[in-house]
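The values are calculated or read from the model by the stated rules, or taken from the named source; none is laboratory data. Computed from a prediction, not measured in an experiment: that's the story for all the values here. Cβ sites come from the backbone with ideal geometry, for glycine too, and all protein chains shown count toward neighbours. All accessible areas refer to the heavy atoms of the entire protein, side chains included, with ligands and DNA or RNA removed. Shrake-Rupley method; radii C 1.70, N 1.55, O 1.52, S 1.80 Å.
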Amino acid sequence: DLLGIKPVWNSRGILQGIELLPLDEKRVRRYDVIFTGSGLFRDLYASKFALLDKAVLMALDASYNDIIGKYPALTLSLDSALKPLGELRKAGNEAIEKNSVALNWVEEAREILKQNPNITAQELGKISSMRVFATAPGSYGAGINRLAERSGAWNDRSELADVFIKRMGYSYSQDNQGELATKSFERQLEKVENTYLGRASNLYGLMDNNDTFDYLGGLNLAIEKVTGKQPNSFVIDHANSNNLKITSLETALLSELRGRFLNPQWIKPLMNEGYSGARTMGSEFIEYLWGWQVTSPEIIKDWVWEEVKAVYIDDKLNLKLDEFLSSGY
């Protein structure tokens, strides 16, 4: 939707292609998008990685004539970048001022050319078009989850950001399955203002495992490293396609904290489960809360830990939770 690209479904509900949507009174511009995927997503949905890359190129192609009209020296590079589209190329006339994909492509291509005048037109077009990133083939995890747990292994949060960039800096496209492109990834992160995590199920929350702060938290931390500030971050709930919701990361995290981990109606049933209940309360929840503390300290403030202490250590809810946790189950 940000790119102005629409999926095309057949009569059986199977994705059969994508379609460029025109700019109009409601869709006044195209926004540039970077996609980051997990190793599992890469393995299971490699064809979707290629489709995302194609969507970016279609958005770029929408401003083809305006780009070569204003920057004729980039014609060969642009033609090379758009070659994978094949018959889908339309050579549109949209002004690059209304197309952030095209505007960013031009700016990056000119910057790279300034730094490396000897780069080939093909390579320039390819590098400037990279928008889909993940870990190296056969590699899993962004590395933030394990490092956050080993707090004695690092002194500054920026060290974790460096790890995220190095591990996630592999580019994927229709004709490229995992090329090291750390510099390109870092350049793209410099332009990011908003980040989004899509959730298709309510089976797990944001603090039920370490994947969410590993990827979304790690991404936000990496953006903070290259821009000096955390981006606006959101969670998209599309478990029900007829009732889509977009919530700020802060609201989503703190609502989950209040609604579950500090809620007596969640705690009391876990107390009936003995050891496994205590393990869910203490070990995993605290560990993942710490992961969000490391990646998003502007959200997990002092009062959060004070409240956790009040409930779990001081027995603020009068559940005899302090006795339960020290009972040796």
**OP:** Calculate how many DSSP beta bridges within the chain are antiparallel, expressed in % of all such bridges and rounded to the nearest 5.
**Re:** 60
**OP:** For the chain, with a Gaussian network of springs between Cα atoms less than 10 Å apart, report the residue from Tyr196, Tyr275, Tyr172 with the top mean-square fluctuation.
**Re:** Tyr275
**OP:** Could you check which residue among Ser296, Ser248, Ser276 shows the biggest mean-square fluctuation in a GNM of the chain with a 10 Å Cα cutoff?
**Re:** Ser276
Subject >> Top of Gly13, Gly198, Gly152 by mean-square fluctuation, Gaussian network on the chain, Cα under 10 Å >> reply: Gly13
**OP:** Taking the chain as the reference, fit the longest principal axis to its C-alpha atoms, fit the long axis of helix 218-227 to the helix C-alpha atoms, and give the angle between the two in degrees, 0 to 90, nearest 10.
**Re:** 60
Subject >> Solvent-accessible heavy-atom area per residue, rounded to whole Å², over segment 1-139 at 1.4 Å >> reply: 52
Original post:
Based on the Cβ-Cβ distance from Ala136 to Arg279, what FRET efficiency comes out when R0 is 45 Å, to the nearest 0.05?
Top reply: 0.85
Original post:
Taking all protein chains as present, what is the carbon and sulfur share of the accessible area of segment 193-329, in % to the nearest whole number, probe 1.4 Å?
Top reply: 48
Original post:
What is the Cα radius of gyration of segment 209-329 over 2.2 N^0.38 Å, N being its residue count?
Top reply: 1.19
Original post:
Once fully extended, how much extra length lies between His238 and Glu287, figured as 0.36 nm per residue of separation less the alpha-carbon to alpha-carbon distance?
Top reply: 15.0 nm
**OP:** Quick one: pull the percent of accessible area on segment 47-97 belonging to carbon and sulfur, 1.4 Å probe, ligands and nucleic acids left out.
**Re:** 57
